[in-house]
Amino acid sequence: MASLREHCEVRLQALKNLRSDFEPEYREIARFAQPARTRFLSSDKDKGTKRRIRNSRLFDPHGIEAFRTLTNGMTSGLTSASRPWFTLKLSNEELNEQPGVRAWLSDCETAMYAFLARTNFYGAAKAGYGEMGLFGTEACVMVEHQTVGAVCHSLTAGEYWIGLSDALVPDTLARECSMTARQIVQTFRGNTPKTIMDAYKGKLADQVYTFYNLIEPNHDFDPRRFGSMPCVRSIGPR
């Protein structure tokens, strides 16, 4: 039986092979419309340690201006932080008319809007619209946070790979990301690799590490068992 590490490496390589056909096109799009954000214009040695390089050979800003117009338009039209953009209702129309149901749904809406407002959700959503407009796909990892409730990690083309289920629905995400030893320990806690934990306990808490994070369905998930999770997350050194 393959170890967890071997399983993750096999899945990651397979996802990389699937995306490889799209990368030349992604690189050209990024060069003209998103040069300071994409991973495709950064060298391997600079990833995670320096600002992503800009395209010094770009003389026409039309692509960047069009990208900004699209992003701002989608943000204001779909998920504006200044006005309501969703309404809750039950699938059973008869229940919606029962006394107290609408008031309860309204309270839930208020709580959800307040929750999103204290996170970085709106900034991540705006970045995601830009990714969809340019590359036709986007990814964001939203994780629980003990202080603000949740943190959204908006990903950009070049730093993640997506796998589909038999229903052609994304159910697997592999990403390459960089965090300090302190951030990794705060995020993964007991699942932190020993080398990074040792750095955190020593004098290298702010040293940057680049690692892979694989999120995939948990085949042992049991909704009747307390603490059982539908997805599992694994990390490993790059």
Tell me, what ³J(HN,Hα) does each residue in region 142-150 have, in order and in whole Hz, if you take phi through Karplus 6.51 cos²θ - 1.76 cosθ + 1.60 with θ = phi - 60° and put x for Gly and Pro?
10, 10, 5, 9, 5, 9, 9, x, 7
In the neighborhood of ALA181, defined by Cβ-to-Cβ distances under 12 Å, what is the net charge if each Lys or Arg adds +1 and each Asp or Glu adds -1?
+2
Charge tally for neighbours of THR87 with beta carbon under 11 Å away, counting Lys, Arg as +1 and Asp, Glu as -1, is +1
Using packing as a proxy for protection, rank 126-138, 97-109, 157-169 so that the peptide with the highest average count of other Cβ atoms within 10 Å comes first.
126-138, 157-169, 97-109
Label-point separation in nm, ARG182 to SER3, each point 7 Å along Cα→Cβ
3.2
How far is it, in nm, from the label point at LYS203 to the one at ASP220 when both lie 7 Å from their Cα along the line to the Cβ?
4.1
Cβ under 11 Å from THR192's Cβ, THR192 left aside: what net charge do those residues give with Lys, Arg +1 and Asp, Glu -1?
+3
How much FRET efficiency would the formula 1/(1 + (r/R0)^6) give for GLU65 and MET142, where r is the Cβ-Cβ distance and R0 is 22 Å, rounded to 0.05?
0.15
Label-point separation in nm, ASN72 to PHE115, each point 7 Å along Cα→Cβ
3.2
Report, ordered by chain and residue number, the aspartates and glutamates lying within cross-link reach of LYS126, taken as a straight Cα distance under 19 Å and ignoring same-chain residues fewer than 8 apart.
GLU65, GLU138, GLU159
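Read the figures in this text as sums done on the coordinates, not as results from a lab. Keep in mind that this is a model prediction, so the values were computed, not measured. No Cβ is skipped: glycine too gets one built from the backbone with ideal geometry, and neighbour counts run over all protein chains shown.
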